[in-house]
1. If a residue must be more than 16 Å from Arg5 (Cα to Cα) and free of Cβ contacts under 8 Å to residues at least 40 places away in the same chain, how many such residues does region 92-114 contain?
2. Which residue out of Glu170, Glu137, Glu130, Glu123 is among the charged types (D, E, K, R), open to solvent by less than 10 Å² (accessible area, probe 1.4 Å) and within 24 Å of Arg49 (Cα to Cα)?
3. Starting from residues that are in contact with a helix residue (DSSP H, G or I) (Cβ under 6 Å, 6 or more places away or on another chain) and without any contact (Cβ under 8 Å) to a residue 24 or more places away in the chain, keep the ones in region 172-212 and report whichever is farthest from Tyr248 (Cα to Cα).
4. Pull out all pairs, ordered by first then second residue, where Cβ-Cβ is under 7 Å, the residues are six or more apart or on different chains, the first lies in region 145-171 and is more than 27 Å from Ala214 (Cβ to Cβ), and the second is in a loop (DSSP other than H, G, I, E, B) and open to solvent by 30 Å² or more (accessible area, probe 1.4 Å).
5. For Leu160, indicate whether it is in contact with a Pro (Cβ under 9 Å, 6 or more places away or on another chain) and either open to solvent by 10 Å² or more (accessible area, probe 1.4 Å) or not charged (D, E, K, R) (or both).
6. Could you list, in sequence order, all residues of region 242-259 that are in contact with a Pro (Cβ under 7 Å, 6 or more places away or on another chain), open to solvent by 90 Å² or more (accessible area, probe 1.4 Å) and of a type outside the set (Val, Ile, Thr)?
7. Looking only at region 133-161, which residues are on the phi > 0 side of the Ramachandran plot and hydrophobic (A, V, I, L, M, F, W, C)?
8. Filter region 92-109 down to the residues that are open to solvent by less than 40 Å² (accessible area, probe 1.4 Å) and either modelled with pLDDT of 95 or more or part of a helix (DSSP H, G or I) (or both) and list them by number.
Amino acid sequence: MEAWRRGLNDPVRAFAIEKAGPAHIATLKTFDPPLTTLEGRRLAGAERRGKRLLFPTEDGELVLLVHLMTAGRLRYMAPGEKGPKTPAFRLRFEGGAELVLTEAGSKKRAGVWLLTPDAAEAELAHLGPEALGLGAEALAEICTSESRRLHSLLRDQRTLAGIGRAWANEILHHAKLSPYALSQDLGPDEVARLADAIDAELARGLELRERGAADKRVYRVHKKLGEPCYVCGSPIARVDYEEHTVYYCPDCQTGGRVLKDRRLSRLLK
C-alpha cells in the first residue's frame with residue numbers, strides 16, 4: 001500500500017478531474033456527496049492509513065477513500081494507454097490520464113468512499129497504530145493487552161494497522177516465532193525480535209515493490225508450500241483456513257512441529 005501511495009502521489013495531483021465514475025454498484029459505498037462532486041477539482045496527492053489509500057481534494061472539502069481488500073488493484077494510466085473496458089471504478093483527469101480500480105474474481109470486496117474529512121476520520125477511527133516504526137515498547141503493550149495468536153493479532157487492523165495475511169507470514173518467519181504462539185506468552189527478547197521483524201520485512205517489501213518486483217520475488221515464505229526455507233532449507237508448510245492460509249517453516253518457527261491443519265483433518269474424517 002505504501003509503495004502504491006508513493007507511486008500515485010505525484011501523478012494524481014497533476015491535473016483536475018474531468019469525470020468521476022462510473023463505479024460498480026458493489027464497489028461504491030457512499031452516495032452523498034455524489035461522485036460528480038469531484039469533477040473540476042484537483043486531488044492534493046495520495047495518503048495512506050493502514051491498508052487504505054486516501055486522496056484528499058486540494059480544496060480540503062472531500063476525501064476519496066479506497067480499500068483494495070485482497071484482489072483490488074489501482075493503476076494510474078497515461079493518456080492513450082489501453083485499460084479495462086469495465087473497471088470497478090474510474091477517475092478521468094483533464095488531458096486523458098485515468099486512475100482505474102480493477103478487482104479479480106467474482107467477489108467484489110474492494111470499496112470506494114467519497115467522504116468529508118470528518119467522515120473519513122470517523123471511517124478510520126477503528127484502526128490501530130501504524131505497524132511500520134511501532135517499536136518494541138508499544139508492541140509489548142499490545143501483546144500484553146490480550147492473549148491472541150500472533151498471526152491473528154498481526155492481521156487485525158484494529159490492533160495494528162498495515163499488515164495483511166502475506167506479510168504476517170513473512171514477519172513471523174523472520175522473527176522465528178510460531179504463528180500459533182500467544183501474544184501474552186512472549187518474553188521481552190521475543191517482542192523485540194517481532195518488532196524488528198515488522199520493520200525489516202515491511203521495509204524490504206516496500207523497497208522491492210518500488211522497484212516493480214512481483215509477488216514471487218517479494219515473498220519468501222508466503223505461497224511457498226513445499227519449497228525450501230531460505231534460512232534452513234526445510235520445506236515450507238501451511239495451515240488452511242476459510243479466508244486465509246498460514247505459511248511457516250516448522251524448523252525455524254515451531255521447533256520441528258507441523259501445525260495441525262484443521263480443515264484438512266475434517267475432510268479426512
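1. In the first step, residues of region 92-114 are kept if they are more than 16 Å from Arg5 (Cα to Cα); the result is 92-97, 102-111, 113-114.
If we keep only those that are free of Cβ contacts under 8 Å to residues at least 40 places away in the same chain as well, we get 96, 102, 104-107.
Within region 92-114, residues that are more than 16 Å from Arg5 (Cα to Cα) and free of Cβ contacts under 8 Å to residues at least 40 places away in the same chain number 6.
2. Just a single option satisfies the conditions, and that option is Glu170.
3. Only one residue tops the list, namely Leu208.
4. Arg149/Tyr180; Arg158/His126
5. So Leu160 passes the test.
6. Listed by number, the list holds a single entry, Arg257.
7. none
8. Answer for region 92-109, where residues must be open to solvent by less than 40 Å² (accessible area, probe 1.4 Å) and either modelled with pLDDT of 95 or more or part of a helix (DSSP H, G or I) (or both): Phe93, Gly96, Ala97, Glu98, Leu99, Val100, Leu101.
The values are calculated or read from the model by the stated rules, or taken from the named source; none is laboratory data. Computed from a predicted structure; not experimentally measured. Glycine also receives a Cβ, built like all others from the backbone with ideal geometry; neighbour counts cover every protein chain displayed. The area values use the complete protein model at the heavy-atom level, side chains included, leaving out ligands, DNA and RNA. Shrake-Rupley method; radii C 1.70, N 1.55, O 1.52, S 1.80 Å.
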